[in-house]
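Student: What follows is a single structure, and I will ask about it in a moment.
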Amino acid sequence: MARAFIGSMECRVHVDKDLGDTWAVTVYPPPSAKSPGAPLVVKLQGNDKEKATKGALEILQKSGKIDRFDL
């Protein structure tokens, strides 16, 4: 199961098959007292769930939305 991290906080990662051969990868930041934080969603096309998950998490990391991830 994939895990994403914002700072030292672990975020839940959920992967769903969307329309056709599209995957929706959602990262749910943990709720905080200051702000609940909106889920981060990336949609990618492909036949392979693991590759879509890795690609989406790499996109989020390179854009600075998450700090790191584990697959």
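The values are calculated or read from the model by the stated rules, or taken from the named source; none is laboratory data. These numbers were taken from a predicted model, which means no experiment stands behind them. Quick reminder, even Gly has a Cβ in these numbers, built from the backbone with ideal geometry, and neighbours come from all protein chains shown.
Student: Residues of segment 1-16 being small (Gly, Ala, Ser) and either modelled with pLDDT of 95 or more or surrounded by 14 or more Cβ atoms within 10 Å (Cβ to Cβ) (or both), which ones? It would help to see each step written out before you state the result.
Tutor: Initial filter on segment 1-16 (small (Gly, Ala, Ser)): 2, 4, 7-8.
Once the filter is applied, which keeps residues that are small (Gly, Ala, Ser) and either modelled with pLDDT of 95 or more or surrounded by 14 or more Cβ atoms within 10 Å (Cβ to Cβ) (or both), segment 1-16 yields Ala2, Ala4.
Residues are listed down the side, and each one gets a yes or a no for (1) of a type in the set (Asp, Glu); (2) over 10 Å from the mean Cα position of the chain (by Cα):
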{"site": "Arg12", "(1), (2)": "no, no"}
{"site": "Asp16", "(1), (2)": "yes, yes"}
{"site": "Leu19", "(1), (2)": "no, yes"}
{"site": "Tyr28", "(1), (2)": "no, no"}
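Student: Now for a different question. Among all residue pairs at least 6 apart or on different chains, which show Cβ distances below 9 Å where the first residue, located in segment 2-22, is at positive phi and the second is modelled with pLDDT of 90 or more?
Tutor: Final answer for the pair search is Gly7/Asp67; Gly20/Gln45.
Student: Separate question: Can you give me the number of residues within segment 20-50 that are part of a loop (DSSP other than H, G, I, E, B) and in contact with a strand residue (DSSP E or B) (Cβ under 6 Å, 6 or more places away or on another chain)?
Tutor: Residues of segment 20-50 that are part of a loop (DSSP other than H, G, I, E, B), as a first pass: 20-21, 29-39, 46-48.
Right, trim to in contact with a strand residue (DSSP E or B) (Cβ under 6 Å, 6 or more places away or on another chain) and you get 21, 29-30, 39.
Here the count works out to 4.
Student: Hey, can you tell me all the residues within segment 1-10 that are among the aliphatic types (A, V, I, L, M) and over 8 Å from the mean Cα position of the chain (by Cα)?
Tutor: Met1, Ala2, Ile6, Met9
Student: Evaluate segment 51-69: report whether one residue or more is surrounded by 15 or more Cβ atoms within 10 Å (Cβ to Cβ), assigned to a strand (DSSP E or B) and not basic (Lys, Arg). Break it down into steps so the answer makes sense when it comes.
Tutor: Taking segment 51-69 first, the residues surrounded by 15 or more Cβ atoms within 10 Å (Cβ to Cβ) are 52-57, 59-61, 65-66, 69.
Still in the running and assigned to a strand (DSSP E or B): 69.
Of the ones still in play, those that are also not basic (Lys, Arg) are 69.
Within segment 51-69 (the criterion being surrounded by 15 or more Cβ atoms within 10 Å (Cβ to Cβ), assigned to a strand (DSSP E or B) and not basic (Lys, Arg)), the answer is yes, since at least one residue qualifies.
Student: For segment 17-38, how many residues are loosely packed, with under 12 Cβ neighbours inside 10 Å and modelled with pLDDT of 90 or more?
Tutor: Looking only at that region, the number is 1.
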